[in-house]
Each structure stands twice: as C-alpha cells, then as structure tokens.
Amino acid sequence: MQLSKTETRNRQGAGLSSRLAVLFAIAGGIAVGNLYWAQPLLTEIATALQVSTGTIGLLVTMTQIGYAVGVLLIVPLGDMLPRRSLIPAVMACSALALLSGALSPSFTTLAAALAAVGMTTVAGQLLTPLAGDLATPEERGKVVGTIVSGLLAGILLSRTVSGVLSDAFGWRVVYAVAALCTLLMAVVLWFVIPAEPPRPRVAYGKLILSIFQIVGRYRIVQVTLLIGALAFSVFTLFWTGLTYLLSAPPYSYSVSQIGLVGLVGLAGALAARRVGRFHDRGWSVAVTGLALCLATASLLIAMVGTSSILLVLLAVLLLDVAIQAVNVLNQSRILSVDPASRSRLNTAFVACNFIGGALGSALSGPLWSWGGWRALMLCGVSLTLLALALWFGGRETLDTTSVDRSGT
C-alpha cells in the first residue's frame with residue numbers, strides 16, 4: 001500500500017503533547033502487563049491445576065505466541081483503519097479474554113484463554129506507531145522512549161500486583177481485576193485518541209503480505225529484527241527462570257515476594273524513557289552495542305551470584321536497563337524507516353521480539369530441570385553474544401542518521 005507524498009507528509013506529525021504521550025504510555029502499560037500476570041504465579045497455578053513445573057511454563061509461551069499472532073494479524077490494521085475505534089475495540093476483547101482466564105477450570109482452558117489474551121493485548125503496539133505519526137521527527141525517539149517506558153512499567157508492575165493480589169485473594173482474582181482495568185482504559189481511549197484523516201484501503205490479504213515485502217526491502221529492518229528477537233529471548237528466559245530460582249531453596253520466596261523483585265526493574269523503565277534521545281542525536285548504533293555488552297555482564301553477575309539476593313537484584317537492574325535500551329533504540333530505528341508503513345514495521349518488530357520471547361520462556365523450564373540457574377544463564381550469555389556478533393557485523397547497515405535527517 002503506497003501513500004502519496006502529501007499523505008506521507010501529513011503523517012510526519014505536528015507534535016504530541018506530553019500529557020497525551022504519558023496517557024498512551026499508561027494505556028500501553030496496562031495492556032502489555034496482561035501478558036505477564038502469570039509469571040510470578042506459575043508455582044501456585046501449577047499446584048492448583050496439578051501440572052508439573054516444566055509444563056506450567058507453557059502458559060507464558062502460549063501467551064507470547066498468541067501475542068505474536070495478534071501483532072501479525074491485528075496491528076497492521078493500524079495503517080488502514082481509524083485507531084480511535086480500533087484500539088478501544090481490541091482492549092474490550094482483551095478484557096473478555098482475561099475474564100475467561102479467571103473462570104478457567106483446567107490447565108488446557110487457561111492456556112487457551114491466555115493465548116486469546118495474547119492475541120488481543122496489542123493496544124500498546126497500536127499506540128506506539130500512532131505516537132510516532134503524531135510526533136515530529138526531532139522528538140520521535142523521545143516519544144517512543146516514553147511509550148516504551150510505560151510498556152516496561154506495565155510488565156514489571158504486573159508481576160508485583162499479581163503477587164500481592166494472589167497472596168491475598170488467589171490467582172483467579174488477578175485476572176478478574178486485569179479485565180476490569182483493561183475495560184476502563186478502553187473507554188478512556190475512546191474519548192482521548194484524536195481523529196485521523198481517512199487513509200487508503202487495501203485488501204486485508206495484501207496488507208498482511210506487504211509486511212513481508214517491507215521487511216525484505218530494507219536490510220536495516222532485517223538486522224534490527226534479529227537483534228531484537230535475541231535480546232527479548234534473553235529477557236523472558238531470565239524472568240521466567242527467576243521465578244523458579246526464587247521459589248526454591250535457599251530463597252523459598254512467596255508469590256508476593258517474587259513479585260516485589262519486579263520493582264527493581266523499574267529503573268529500566270526510567271532508563272528507557274531517556275534512551276530514545278540517543279537515537280534523536282544519532283548515537284543509536286553505538287549505544288545498542290554498549291547495551292548488549294551490559295546485558296552479557298548482568299547475566300554473568302547473576303550466574304556467579306546465585307546464592308546472593310543482592311547480586312541477583314543487581315543483575316535484575318542491569319539486565320532490565322540493557323534490554324529495554326536495546327528495545328527502545330531498535331523500535332525508534334524501525335519507525336524511522338518508512339512513515340507510511342509504521343504499523344506494519346512495528347508488527348514485524350514486535351512479532352519477532354515475541355517469537356524470541358516465546359523461545360526464551362519455552363527453554364526456561366527444560367533448562368532449569370536439566371542444569372538449574374547456571375544452565376539458564378549460560379544460555380542467556382550465548383544468546384547475547386550472538387546478538388553482539390550481529391550488531392558488530394551490521395553496524396553500517398544499522399546507521400539511520402541519513403534516514404532521520406531526510407524528514408522521516
């Protein structure tokens with residue numbers, strides 16, 4: 001789908017108010033947090049539904065696969081349909097899926113409900129390209145950083161809230177409360193998202209096919225997607241495995257205590273809000289490499305500090321800062337490539353991230369059963385080193401300075 005030059009210029013954005021950017025960040029955080037309610041609850045749900053530790057990790061995997069499918073099939077519609085109605089409608093469907101999860105009587109039905117939650121929890125990835133459209137080129141990295149900081153805060157706070165609510169009322173109440181919050185935010189967004197001018201329509205099949213065509217057209221997109229997938233696989237491998245570590249001796253933490261660990265990672269959200277400015281200043285490639293090095297160091301700290309909660313918390317802090325820095329810079333880079341295709345580029349970016357995330361969470365259970373925390377961290381280090389190799393070999397390809405200066 002091609003837009004005229006006038007339409008493309010109209011999508012460059014005349015600026016996005018700070019208040020609306022923060023509201024988008026909150027809405028995105030509420031939406032994406034729905035993907036992570038289960039992580040601190042895995043042990044409790046496994047006991048309640050009488051399934052093994054290796055099997056229960058599939059709840060996270062099913063949610064992430066569902067999310068990747070939803071991003072692939074729903075988010076591209078943001079390049080064609082009015083997002084003022086699309087985003088609230090998707091959030092309402094997510095609320096219904098969450099309620100189904102709260103009422104699920106078995107592991108199979110819960111897994112199906114969480115797959116549906118994943119498919120409909122895409123509001124954050126519709127809001128990000130919308131914010132990119134509304135922002136000026138000079139502030140795009142900053143705006144994307146703000147939205148992504150909201151997404152990260154939602155991910156981390158969902159773990160904390162999940163643990164507290166579960167300890168007090170049981171894991172089913174967690175999903176019921178999430179359904180209510182998601183529905184309320186859908187109503188708010190209906191009123192605050194600005195109206196958009198009509199955009200060209202295209203057959204749905206061609207719209208989806210164009211995602212692959214756009215990815216194939218730009219080498220910079222291909223390298224960025226691979227690095228992002230590897231980084232996010234490390235993120236989910238670490239956080240899913242962390243639940244196993246902290247629920248076992250010598251820690252034997254409760255669900256709420258495990259959830260509180262997520263608060264340490266909020267520093268990553270603060271860093272994510274500022275790191276987008278490096279993209280605006282043309283430092284995206286260098287800082288991406290430094291962030292991957294920091295991720296590798298954090299995993300080594302976690303491996304040698306297995307029995308020290310202080311070292312584990314330090315690793316949590318450093319890893320969240322590193323991975324979210326990579327995420328913000330990758331997303332800012334992607335959204336600078338083709339203004340007319342931002343929703344579809346974001347679709348490719350998030351789908352690849354969560355395919356990587358599904359791989360990381362799927363590996364966590366078997367690796368924990370086989371070799372414990374050390375095996376998990378060695379796998380994570382291997383993945384970050386592979387990402388670093390891709391970054392090193394593709395540094396010139398990743399340089400978007402000329403693209404950004406041309407007005408995108």
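The values are calculated or read from the model by the stated rules, or taken from the named source; none is laboratory data. This is a predicted model, so every value here is computed, not measured. Counting neighbours? That spans all protein chains shown, and the Cβs are built from the backbone with ideal geometry, glycine included.
What to note about this one:
- Looking only at residues in the range 211-247 that are under 23 Å from the mean Cα position of the chain (by Cα) and among the polar types (S, T, N, Q), the one that is surrounded by the most Cβ atoms within 10 Å (Cβ to Cβ) is 224.
- Counting only helices (runs of 4 or more DSSP H) wholly contained in the range 299-408, the ones carrying 2 or more residues that are touching a residue at least 60 places away in the same chain (Cβ under 8 Å), farther than 26 Å from residue 119 by Cα and aliphatic (A, V, I, L, M) occupy 309-335, 342-393.
- Residue in the range 41-51 that is touching a residue at least 60 places away in the same chain (Cβ under 8 Å), in a helix (DSSP H, G or I), of a type in the set (Asp, Glu) and farther than 25 Å from residue 245 by Cβ present: no
- On the stretch given as the range 155-182, residues that are hydroxyl-bearing (Ser, Thr, Tyr) and more than 16 Å from residue 29 (Cβ to Cβ) total 2.
- When residues of the range 184-210 are limited to those that are in contact with a Lys or Arg (Cβ under 7 Å, 6 or more places away or on another chain) and either of a type in the set (D, E, K, R) or within 30 Å of residue 285 (Cα to Cα) (or both), the one surrounded by the fewest Cβ atoms within 10 Å (Cβ to Cβ): 196
- Contact annotation: residue pairs with Cβ atoms under 9 Å, 6 or more positions apart or on different chains, pairing a residue in the range 178-199 that is modelled with pLDDT of 90 or more with a partner that is part of a loop (DSSP other than H, G, I, E, B) and among the β-branched types (Val, Ile, Thr), are 182/121.
- Look at (1) free of Cβ contacts under 8 Å to residues at least 60 places away in the same chain; (2) aromatic (Phe, Trp, Tyr); (3) buried (at least 24 other Cβ atoms within 10 Å of the Cβ) and you find that residue 169 fails only one, number (3).
- Residue within the range 144-157 that is modelled with pLDDT under 85 and over 30 Å from residue 282 (Cα atoms) present: yes
- Just one of (1) crowded, with 24+ Cβ neighbours inside 10 Å; (2) part of a helix (DSSP H, G or I) fails for residue 72. It is (1).
- Cβ separations smaller than 8 Å between residues 6+ apart or across chains give the following pairs from the range 140-154 residues that are closer than 17 Å to residue 31 by Cβ and touching a residue at least 60 places away in the same chain (Cβ under 8 Å) to residues that are acidic (Asp, Glu) and in a helix (DSSP H, G or I): 152/320.
- Residue 140 vs. criteria within 30 Å of residue 390 (Cα to Cα), among the basic types (Lys, Arg) and buried (at least 17 other Cβ atoms within 10 Å of the Cβ): yes
- Among the residues of the range 358-380, those that are surrounded by fewer than 19 Cβ atoms within 10 Å (Cβ to Cβ) and either modelled with pLDDT of 95 or more or farther than 23 Å from residue 68 by Cβ (or both) comprise 369, 370, 371, 372, 374, 375, 378.
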